[in-house]
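Comments concern the structure below.
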Amino acid sequence: MLVDLNHRSGFVYGRAADALPPLGARINTLLDDALMAERAGQRPRDYLGASRIGEPCARRLVYEVTHTPPDPGKELEGRSLRIFAAGHVFEDLAIRWLRLAGFDLRTQTREGGQFGFETAGGRIRGHVDGVIVAGPEVGIAWPALWEHKALKASSWSDTAKKGVRLSKPVYFGQMQIYMAYLGLGSALFTALNKDSCELYHEHVPFDPATAQELSDKAVAVLRAADAGELLPRIAAHADFYLCRFCPFAARCWTEAQP
């Protein structure tokens with residue numbers, strides 16, 4: 001008796017195969033749902049993170065600190081969580097490469113936690129990627145803050161062309177706050193191109209004036225949040241480029257301007 005191995009029933013668990021979404025879409029939905037469920041089970045931040053203080057719009061920061069829901073359809077997606085997770089993997093690779101090259105890069109304290117700081121009664125906090133305490137002679141005085149970002153090709157190219165201060169002001173502000181509270185005089189910023197694995201390195205000196213300005217802004221954001229108030233919008237019109245990408249834009253432009 002011969003068995004016809006070419007036979008296909010056309011059904012998957014009792015359903016017609018052509019009635020189901022593509023296999024990739026079904027699997028990705030399962031993965032993203034699992035990531036979103038994992039995130040939902042985590043405790044929300046009860047502080048303003050140093051990585052966000054450089055955000056140009058203080059009004060947006062008030063929304064974030066108060067856990068205001070984003071506009072419908074602007075919620076964080078599973079794909080974004082996958083991007084965040086991949087960034088940590090690229091960071092681990094960059095750490096290994098720098099150490100192999102002779103950089104004494106520390107990513108944990110003696111107690112085993114991340115280097116970081118907190119101020120304003122713990123309501124402003126930050127955790128750094130690492131501190132290089134010694135290394136080859138490259139024109140940077142050690143110790144120095146080390147900050148890593150994994151960027152898509154277009155974003156990486158813009159950063160390499162313009163420098164982190166102009167291209168990525170949020171990252172620049174993040175480093176200034178870290179240096180201020182950790183007492184470090186400079187930083188090494190490393191950006192990895194996720195498409196080509198090219199690396200861009202930039203020496204970022206400490207700018208006390210910028211750090212003070214950002215620290216003052218953080219305090220203003222917390223005070224507004226505590227008072228149930230909003231800070232002024234960053235723009236006069238809703239079609240401003242930052243507003244177009246803001247997850248709170250619809251809400252923001254229907255609420256009163258203080």
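Would you mind computing Rg(Cα) / (2.2 N^0.38 Å) for the chain, counting N as its residues?
Numbers: Rg = 22.8 Å, N = 258, 2.2 N^0.38 = 18.1 Å.
The chain yields a ratio of 1.26.
With θ taken as phi - 60° and the coefficients 6.51, -1.76 and 1.60, list the Karplus ³J(HN,Hα) couplings across the stretch 187-197 in order, rounded to whole Hz; mark glycine and proline as x.
Ordered by residue, 3J(HN,Hα) equals 9, 10, 9, 10, 10, 9, 7, 5, 8, 10, 6 Hz.
What are the ³J(HN,Hα) values, in whole Hz, obtained from phi via the Karplus relation 6.51 cos²θ - 1.76 cosθ + 1.60 with θ = phi - 60°, for each residue of the stretch 69-76 in sequence order, with x given for Gly and Pro?
So the Karplus estimates, Gly and Pro as x, are x, x, 4, x, x, 10, 5, 4 Hz.
Trp146's amide H: which non-local residues (gap 5+, or another chain) put their own amide H closer than 5 Å, with H modeled 1.01 Å from N in plane and none for Pro or chain starts?
Hits under the 5 Å cutoff: Gly130, Val131, Ile132, Leu188.
Give Lys74/Lys194; Lys168/Lys217; Lys162/Lys194 a once-over and call out the pairs whose C-alpha atoms are over 22 Å from each other.
Exceeds cut-off: Lys74/Lys194.
If one takes the longest principal axis of the Cα atoms in the chain, at what angle in degrees, from 0 to 90 and to the nearest 10, does the Cα axis of helix 23-40 lie?
40 degrees
Just to be sure I understand the model, the point goes 7 Å from the Cα along the line to the Cβ. What's the resulting Trp253 to Val133 distance in nm?
5.2 nm
Measure nothing fancy, just the Cα-based angle from helix 169-182's long axis to the longest principal axis of the chain, in degrees from 0 to 90, nearest 10.
50 degrees
Hey, with R₀ at 22 Å, roughly what FRET efficiency would Tyr241 and Ile83 work out to, going by the Cβ-Cβ distance, to 0.05?
Once the sixth-power term is evaluated, E becomes 0.55.
How big is the gap, in Å, between the Cα center of the stretch 25-63 and the Cα center of the stretch 114-157?
Here the answer is 21 Å between Cα centres.
Hey, what do the phi angles of the stretch 226-231 turn into as Karplus ³J(HN,Hα) couplings, whole Hz, using 6.51/-1.76/1.60 and θ = phi - 60°, x for Gly and Pro?
With coefficients 6.51, -1.76 and 1.60, one gets 5, 8, x, 10, 10, 8 Hz.
With both partners inside the chain, how many of the DSSP beta bridges are antiparallel, as a percent to the nearest 5?
Among the beta bridges of the chain, antiparallel pairing accounts for roughly 70 percent.
Since every read-out is calculated from the coordinates, none of them should be taken as a lab result. In this text, all values refer to a predicted model and were calculated from it rather than measured experimentally. Every residue, glycine among them, receives a Cβ derived from its backbone with ideal geometry; neighbour counts consider all protein chains shown.
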